[in-house]
Amino acid sequence: MSSARPPFDISGMATTQRTTRRHILVIDDEQPILDLLQEYLTAHGYRVSTASNAQQARNVVEAEAPALIITDLQLADTDGLQLVGELRVLLPGTPVILLTGVLLDARAMEENLRWKISSYVSKTAPLQTLLQEISRLIQG
Amino acid sequence: MSTDPGSPAPQSDTTLRRVLLIFGAAALVLVFLVFVTLRNVSQSAETASLRNQSDTLLSGLDALQVTLMTAEAELNRYLLTSDARDQNVYQGKRVELREQVAAITALLASAPEDQKLFIPVTELLNRRTEDADRLLALKQTGDAGALRQRLIDTGAQGDLRELERRIGQLRDHHIALLSTRDRDSSQQAQSTRWIVIGGLVLELLLLGGAAWVIRDALATRQEAARLLQTMNEQLEERVRQRTAELSATNAKLLAQNIEDRWAKQATEHQNRYNLLIIDAVSDSVFVVTKLMNVSRMNPSAVHLTGVEPSGLIDKPFTGIVRLADGEGAAPTYDPFARALAEGHELRSKRAIVTTKGGQSVPVRLDMYPLRDRDQVVGGVIILQTIASSSLS
């Protein structure tokens, strides 16, 4: 679990005060993915916390409620969807993006998991797609 | 932009030289003015001194003339009255007369021409004094006849007229001299005035020229400074723009770098995930190239054939699997290669796997072509073992 300063500024938000930068929680059991997402989203003006397991995710949520949650489907200690269900109870209105490399039927995902997740983004999609989804869910 | 603000150092040197030249000329004019003024003042002082001297001389000559007349009157009175008091008065006037002559002689000490004019006066005075002494002596002897004759012989009136003429001549000479000196003094004053005015005008012109040169240099310098400032501002603006462009490019490159890393990990992740799926399948799965060489096999296939992947990768699939008899496989005919070449699937074909130990295992074979943009690049072959009885 960590937060980082932006290494570069793309959106012009790098100088924004900490309190005004939106907080995003990223949950994934692969550290390289966590690092990449943290670097990318921080550069785009978000404040990012990362968690590599369910317990760390719970700690982050308790410390400071995120504006959005990005989670993988497969975690080391639990299933991502189960964790999302748990966090949904704590944060009913917080949008959740399921970011996974598991082959899923997007339509089936949308129909069956609409109550749990707000959006589904494949790990093979460009980061720009993820960024657009974040903007849509947080600012839209 | 090709703006050249000029070279300040040479401009400054030229200006300095010009200003120094003008101030040098002004200094020369000033020195000339001082010199001329001092000379004229000196001449004026000298003229004033000479004028005073002339005035004193004229006064002395007037006094001498009066004293001479008085002395002659006193002498005549004494000759008529024989009164000792008159004689004393006369003697006093003679003393006075000598003093006045001495004073005038002293005044004329530095004027030889005037001395020449005054010498006849002194000679006449001396002669007159001598005549007076003789008359006094005759008076004291009481010889009235001799005294009368002496008075007739001396011709005192003639000497006195000559004295008067000579003194008047000297006076006229000095009055003329005084007039000349007055005129010269006036001309000197005029000359001094005009020289001073001219010099001041020239000084003002030179100072004006120096001011103009300095103003011109300052204007040039201000213009150069303005141009330099403009250039600096333009340069700073270009630097700002370039910095902004570089920052944007850098940010873009960094973003692209992250995207690339993300794509790479996504590919690796997907590849790994796909392999996991293949490996998890319980059937024997072979991935073959377009030429039917094995490029991948899952653990179940390893278990079926008894051959490790290193022994089969890049080897012909037909080396271990053949279609079962009755499927019409001629020696020169490869149904797998043909199916791939034509993009056909093979479904539920019976085939025989020859294991590493030489055992023949009957299997059911399905083959699916792998397409990449409508081009067949290989195939996936799935083998399911079947009982020997089913095969037969």
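The values are calculated or read from the model by the stated rules, or taken from the named source; none is laboratory data. Computed from a prediction, not measured in an experiment: that's the story for all the values here. Reconstructed Cβ throughout: ideal geometry from the backbone, glycine too, with neighbour counts over all protein chains shown. Ligands, DNA and RNA are excluded from the accessible area calculation, which covers all protein heavy atoms including side chains. Shrake-Rupley method; radii C 1.70, N 1.55, O 1.52, S 1.80 Å.
Mind jotting down the three principal axis lengths of the stretch B:191-276 based on Cα atoms? Whole angstrom, largest first.
Cα extents, longest axis first: 124, 9, 7 Å.
How shielded is A:31-42 by partner chains, expressed as the average number of their Cβ atoms within 10 Å of its Cβ atoms? Provide the component values of the computation, followed by the final result.
Values: counts 0, 6, 4, 0, 2, 7, 2, 0, 6, 7, 1, 0.
The per-residue average across the peptide is 3.
Over the alpha-carbon set of the stretch B:101-140, divide Rg by the Kirkwood Rh and report the Rg/Rh ratio to two decimals.
Checking Rg against Rh, the ratio lands at 1.19.
Using only the alpha-carbon atoms, how far is helix B:112-141 inclined from the longest principal axis of chain B? Give it as 0 to 90 degrees, nearest 10.
30 degrees
Under the Karplus relation 6.51 cos²θ - 1.76 cosθ + 1.60, θ = phi - 60°, what is the ordered set of whole-Hz ³J(HN,Hα) values for the stretch B:335-351, x standing for Gly and Pro?
x, 5, 5, 5, 4, 5, 4, 8, x, 8, 8, 10, 10, 6, 8, 8, 9
What percent does the relative contact order of the stretch A:33-124 come to when contacts are Cα pairs within less than 8 Å and at least six residues apart?
23 percent
Rounded to the nearest 100 Å², what is the sum over both chains of accessible area buried where A meets B, with a probe of 1.4 Å?
1600 Å²
Compute the distance from the alpha-carbon center of the stretch B:111-171 to that of the stretch B:31-93, in whole Å.
19 Å
With a ≥ b ≥ c taken as the square roots of the eigenvalues of the C-alpha gyration tensor of the stretch A:18-140, please select rounded if a/c is under 1.5 and otherwise prolate if a/b is larger than b/c or oblate if it is not?
rounded
Under the definition of partner shielding as Cβ atoms of other protein chains within 10 Å of a residue Cβ, what is the mean value for peptide B:239-252?
Taking the mean over all residues of the peptide, I get 1.
Determine the per residue accessible area of the protein assembly as shown with all protein chains present and a 1.4 angstrom probe, expressed in square angstrom. It would help to have the intermediate numbers written out before the result.
Details: 30340 Å² over 532 residues.
Using a 1.4 Å probe on heavy atoms only, each residue of the protein assembly as shown averages 57 Å².
Would you mind putting A:43-56, B:303-316 in packing order, based on average other-beta-carbon counts within 10 Å, highest first?
Those peptides, ordered most packed to least, come out A:43-56, B:303-316.
Based on the alpha carbons, how large is the Rg to Rh ratio for chain B when Rh follows Kirkwood?
2.05
At a probe radius of 1.4 Å, what is the per-residue accessible area of B:Leu151, in Å² to the nearest 10?
Using a 1.4 Å probe on the heavy atoms, I get roughly 80 Å².
Give, in nm to one decimal, the length gained when the segment between B:Thr289 and B:Gln140 is fully stretched (0.36 nm per residue of separation minus the Cα-Cα distance).
Extra length available between B:Thr289 and B:Gln140 comes to 35.0 nm.
With the Cα gyration tensor of the stretch B:110-184 in hand, give its eigenvalues times 5 under a square root as the equivalent ellipsoid semi-axes, listed largest first in whole angstrom.
37, 11, 7
Between Rg and the Kirkwood Rh of the protein assembly as shown, both from Cα atoms, what is the Rg to Rh ratio?
Using Cα coordinates only, the ratio equals 1.84.
Going by alpha carbons, how many degrees (0 to 90, nearest 10) lie between the helix axis of B:8-81 and the longest principal axis of chain B?
The answer is roughly 10 degrees.
What part of the accessible area of the stretch A:47-140, given as a whole %, is carbon or sulfur when the probe is 1.4 angstrom?
Here carbon and sulfur together make up 48 percent of the probe-accessible area.
Kindly identify residues of the stretch A:108-124 having a loss of at least 30 Å² in accessible area between the isolated chain and the assembly of all protein chains, probe radius 1.4 Å.
Hits at the 30 Å² cut-off: A:Lys123, A:Thr124.
Ignoring everything except DSSP H segments at least 4 long, calculate the 222 nm mean residue ellipticity for chain B; use -39,500 (n - 2.57) per segment, divide by total residues, nearest 500.
Result for chain B, helices only: -26500 deg cm²/dmol.
Expressed as a fraction of 2.2 N^0.38 Å, the rule-of-thumb size for a compact globular protein of N residues, what is the C-alpha radius of gyration of the stretch B:28-119?
1.74
Amide H of A:Ile24: which non-local residues (sequence gap of 5 or more, or other chain) have their own amide H closer than 5 Å, using H built in the peptide plane?
Residues meeting the criterion, in which the H sits 1.01 Å from N, are A:Arg47, A:Val48, A:Ser49, A:Ala67.
Taking the Cα centroid of the stretch B:177-221 and of the stretch A:78-104, what is the distance between the two, rounded to the nearest whole Å?
Their Cα centres are 103 Å away from one another.
Charges at C-beta only: +1 for Lys and Arg, -1 for Asp and Glu. How large is the resulting dipole of chain B about its Cα centre, in Debye rounded to 20?
Using only the charged Cβ atoms, the result is roughly 1220 debye.
Just tell me how shielded B:264-271 is by partners: mean number of partner chain Cβ atoms within 10 Å of each residue's Cβ, no decimals. All intermediate terms of the calculation are to be shown ahead of the outcome.
Working: counts 2, 7, 9, 3, 2, 8, 6, 1.
Per-residue shielding by partner chains comes out at 5.
Which of the pairs B:Lys93/B:Lys116; B:Lys290/B:Lys349; B:Lys264/B:Lys290; A:Lys116/B:Lys252; B:Lys93/B:Lys139; B:Lys264/B:Lys315 have their Cα atoms more than 23 Å apart in this structure?
Beyond 23 Å: B:Lys93/B:Lys116; B:Lys264/B:Lys290; A:Lys116/B:Lys252; B:Lys264/B:Lys315.
What's log10 of I(q)/I(0) for the stretch B:125-272 at q = 0.12, 0.14, 0.20 Å⁻¹, Debye sum over Cα points only, no solvent?
-0.89, -0.97, -1.17
According to the square roots a ≥ b ≥ c of the eigenvalues of the Cα gyration tensor, what is the shape class of the stretch A:31-98, taking rounded for a/c under 1.5, prolate for a/b larger than b/c otherwise, and oblate for the remainder?
Here the stretch A:31-98 falls in the oblate category.
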